[in-house]
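Below is one structure, written out as structure tokens, with a few remarks after it.
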Amino acid sequence: MMRSRKLGSIGLVPARSVLISFSLLFFIALLPDWASFAAAQTIKAAVASTTLEAASLSPWEQDLGYQKNQIYPLILGAAGCPFIEVDFSDVRISLMLDSGTAGGLVLTTSAPPIPHLVEDRTEELNADGSHRGESFRIRLETVSVLGDVFKNVVGSLSDWRMFSSEPFNGTVGLDFFLDRRLTLDYRSRRVGVSASPLPEKLDGNRFVSVDLVEPPTSQGHILYARAKVNGREAIVYFDTGYNVSFIDPAFAEGLARVERPGKFKVFREGVPLELGGHAFILDELRESPIQRGTGFDLPVALVLGSDVLSRFIVTIDIRAKKMILALAQ
């Protein structure tokens with residue numbers, strides 16, 4: 001049964017239109033430009049742990065307290081990023097479920113026609129400050145996201161060509177899950193959503209409990225956590241909208257180095273990660289400077305995208321500031 005809520009301007013898009021461009025730039029890297037690079041190199045990240053038992057594909061619903069009517073289909077895009085079906089009155093479209101989108105809803109001109117009101121126009125800028133194009137702040141009467149109906153929703157509309165070499169419909173972010181937790185199971189193509197709190201006790205041999213770090217205000221509800229990367233204290237960034245994962249060169253000293261042709265030439269293997277009291281080894285991470293993390297007391301050393309996250313059953317609870325990870329079998 002769906003719940004109906006009036007959102008008004010609760011922050012699905014920042015109140016000032018100038019911030020819409022910032023929100024859009026947060027997910028630019030997930031789009032087909034990067035996906036094509038990854039596909040051309042056909043490199044898959046790998047995850048190993050000596051401290052965590054693998055979870056089977058079936059019991060997590062019971063372990064995490066989901067009912068059957070709280071489980072929905074999860075669609076995987078060609079590059080491996082997750083998509084969900086979103087309803088706009090009588091129009092249903094597939095949008096990327098993107099934990100890296102600073103705003104809640106972004107639509108592009110590639111999406112099917114959806115009734116909306118245009119409220120404002122804003123200039124989009126490139127990283128160097130040059131003009132990129134224009135976006136529109138829009139308002140939609142009804143949006144249904146995984147069993148919850150939202151009223152009077154503010155979003156943004158942009159030409160897809162500003163951000164991608166191939167058409168895409170848009171993204172839906174974590175602002176639609178501020179009072180609900182969700183669990184992504186890439187391998188069985190399912191997503192669970194529940195308004196109930198996380199279970200008080202989870203098997204520590206199967207589940208990793210990670211405390212989320214409060215992001216800078218301008219970044220909305222995207223996901224950061226403290227960890228040790230290659231033996232050093234650092235911040236890790238989790239983004240379902242990226243189809244690839246990266247390690248910053250500053251944290252790659254002493255790690256096995258592999259060079260390959262393509263956009264990303266340097267890869268690192270055997271990357272030690274200590275997260276939530278468990279130890280992991282990550283392979284096939286691309287090496288690239290990570291330009292984010294302003295406002296933290298530690299540098300951001302890793303960006304973990306869907307190539308790594310798909311190795312886990314991933315639970316995100318913004319209310320509790322927790323991420324729960326279980327190794328998928």
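The values are calculated or read from the model by the stated rules, or taken from the named source; none is laboratory data. What you see is a predicted model; the values in this text were computed from it and never measured. Here Cβ is always computed from backbone atoms with ideal geometry, including for glycine, and neighbour counts include all displayed protein chains.
Considering only segment 95-151, state which residues are at positive phi and buried (at least 19 other Cβ atoms within 10 Å of the Cβ). Don't jump to the end; show me each part of the working.
The initial filter retains those residues of segment 95-151 that are at positive phi, namely 129, 133, 146-147.
Listed by number, the list holds a single entry, Leu146.
It is to be established whether one or more residues within segment 186-196 are in contact with a strand residue (DSSP E or B) (Cβ under 7 Å, 6 or more places away or on another chain), among the small types (Gly, Ala, Ser) and either without any contact (Cβ under 8 Å) to a residue 60 or more places away in the chain or not in a loop (DSSP other than H, G, I, E, B) (or both). Looking for residues that are in contact with a strand residue (DSSP E or B) (Cβ under 7 Å, 6 or more places away or on another chain), among the small types (Gly, Ala, Ser) and either without any contact (Cβ under 8 Å) to a residue 60 or more places away in the chain or not in a loop (DSSP other than H, G, I, E, B) (or both), one finds at least one in segment 186-196, hence yes.
From Gly103, Gly65, Gly80, which residue is touching a helix residue (DSSP H, G or I) at 6+ places or on another chain (Cβ under 7 Å) and modelled with pLDDT of 80 or more?
Values: Gly103 fails: modelled with pLDDT of 80 or more; Gly65 fails: touching a helix residue (DSSP H, G or I) at 6+ places or on another chain (Cβ under 7 Å).
Unique residue meeting the criteria: Gly80.
The single condition among (1) buried (at least 20 other Cβ atoms within 10 Å of the Cβ); (2) more than 22 Å from the chain's Cα centre (by Cα) that Thr50 does not meet is (1).
With respect to Ala225, determine if the residue is out of contact with any His (no Cβ under 8 Å at 6 or more places or on another chain) and free of Cβ contacts under 8 Å to residues at least 40 places away in the same chain. Considered against the rule, which asks whether it is out of contact with any His (no Cβ under 8 Å at 6 or more places or on another chain) and free of Cβ contacts under 8 Å to residues at least 40 places away in the same chain, Ala225 comes out as no.
Scanning segment 273-283 for residues that are more than 20 Å from the chain's Cα centre (by Cα) and either outside any strand (DSSP E or B) or of a type in the set (S, T, N, Q) (or both) gives a single hit, Gly277.
For Arg286, indicate whether it is surrounded by fewer than 20 Cβ atoms within 10 Å (Cβ to Cβ), closer than 28 Å to Thr171 by Cα, basic (Lys, Arg) and within 19 Å of the chain's Cα centre (by Cα). No; evaluated as a whole, the condition is false for this residue. Looking across segment 284-312 at every residue that is in contact with a Gly (Cβ under 8 Å, 6 or more places away or on another chain) and in a helix (DSSP H, G or I), the one that is farthest from Pro261 (Cα to Cα) is identified as Ser306. Report yes if some residue within segment 208-228 is surrounded by fewer than 19 Cβ atoms within 10 Å (Cβ to Cβ), under 20 Å from Ala45 (Cβ atoms) and of a type outside the set (Gly, Ala, Ser); otherwise report no. Looking for residues that are surrounded by fewer than 19 Cβ atoms within 10 Å (Cβ to Cβ), under 20 Å from Ala45 (Cβ atoms) and of a type outside the set (Gly, Ala, Ser), one finds at least one in segment 208-228, hence yes. Which of the residues belonging to segment 133-160 are outside any strand (DSSP E or B) and free of Cβ contacts under 8 Å to residues at least 24 places away in the same chain? Across segment 133-160, there are no qualifying residues.
Kindly indicate whether Ser130 is hydroxyl-bearing (Ser, Thr, Tyr) and in contact (Cβ under 8 Å) with a residue 12 or more places away in the chain. So that I can check it myself, show each step before the final result.
Values: hydroxyl-bearing (Ser, Thr, Tyr): yes; in contact (Cβ under 8 Å) with a residue 12 or more places away in the chain: no.
No, not satisfied.
Examine segment 167-185 for a residue that is over 22 Å from Leu97 (Cβ atoms) and either in contact (Cβ under 8 Å) with a residue 24 or more places away in the chain or part of a loop (DSSP other than H, G, I, E, B) (or both), and state whether such a residue exists. Scanning segment 167-185, I find no residue that is over 22 Å from Leu97 (Cβ atoms) and either in contact (Cβ under 8 Å) with a residue 24 or more places away in the chain or part of a loop (DSSP other than H, G, I, E, B) (or both), so the answer is no.
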